[in-house]
Amino acid sequence: MNDFDRKKHWETIYSTKELSEVSWYQPIPETSLNFLEEAQLEKNAKIIDIGGGDSFFADHLLAAGYTDITVVDISENALDRAKKRLGEKAALVKWIVGDATQLELEEHYDFWHDRAVFHFLTQVRDIANYRSVLDSYIKKGGVLVLGTFSENGPSKCSGIEIKQYSESSLTEAVSASFEKIKCITVDHQTPFDTTQNFVFCSFKKI
């Protein structure tokens, strides 16, 4: 997988499949929104959604009155689709095309949301690079939310291998700079009537 072209893979996915034709389709990202509510952020808090693609998380953030939203995805096609769906509201969001393991950002964030990017990082170097990004761009006291396939979840997604996590292994992966707030496991129902088990954890930057 060292020669795997992540960007090409995801650009192809988002140019050939409709929103409701991908397993991660979720009109109401309830788990993510619950973690956001628990963080008790001000409405002007800096929020970033990593691998947001054309998900509905940004839509719900806007509807809830948050005013400083950034969405990052490796696929420009995905972000273009989200912008088109949001219409004029798209101008209220900052959009960044980039690989999560190589981000160079201009801001630091109060809330970092990653639903299902981290588990696609299966190489030691990529995981280390992403942890370095987290260390660099989350404010001290900021909240990190990671959602990955659990050990009871799939071993592949979108045709490629993923890395499964447990509460303990996900916590250990970021323990150098973050302390655990809480972890839960949840079942995600896909549009194909299948169930995917996730582990979601929230952490505080120390």
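Readers should treat all values here as calculations from the given coordinates under stated rules, not as data from a laboratory. The shown structure was predicted, so the numbers you read here are calculated from the model rather than taken from an experiment. We place every Cβ from the backbone using ideal geometry, glycine too, and count neighbours over all the protein chains shown.
Please return the longest range in the chain lying between exposed loop sites, taking GluC sites (Glu not before Pro), DSSP loop only, at most 15 other beta-carbon atoms within 10 Å, and leaving the sites out. By the stated rule (loop sites, at most 15 other Cβ atoms within 10 Å), 43-103. Helices in the chain, meaning DSSP H runs of at least 4 residues, each add -39500 (n - 2.57). Divided by all residues, the mean residue ellipticity at 222 nm is -8500 deg cm²/dmol. Starting from the Cα of His9, step 7 Å toward the Cβ, then list every residue of the range 151-178 with an amide N under 17 Å from that point. What the label zone holds, given the 17 Å backbone N cut-off, is 154-165. Taking 7 Å steps out from each Cα toward its Cβ at Ile184 and Asn34 produces label points 0.2 nm apart. With a cut-off of 14 Å between beta carbons, the residues surrounding Ile48 carry a summed charge of -3, where Lys and Arg count +1 and Asp and Glu -1. Among the trypsin sites (Lys or Arg not before Pro) within the range 1-93, those in coil by DSSP and having at most 16 neighbouring Cβ atoms inside 10 Å are Lys17, Lys43. The alpha carbon centroids of the range 64-88 and the range 148-204 are separated by 24 Å.
Across all C-alpha atoms in the chain, the radius of gyration and Dmax reach 15.7, 42 Å. Quote the relative contact order of the chain in percent (integer), defining contacts as alpha-carbon pairs under 8 Å separated by 6+ residues. Relative contact order here is 19 percent. Neighbours of Val71 by Cβ distance under 9 Å: Lys/Arg scored +1, Asp/Glu scored -1, total -1.
Ranking of Phe200, Phe35 by neighbouring Cβ atoms within 10 Å, starting from the fewest: Phe200, Phe35. Cα centroid separation, the range 105-140 to the range 10-63: 16 Å.
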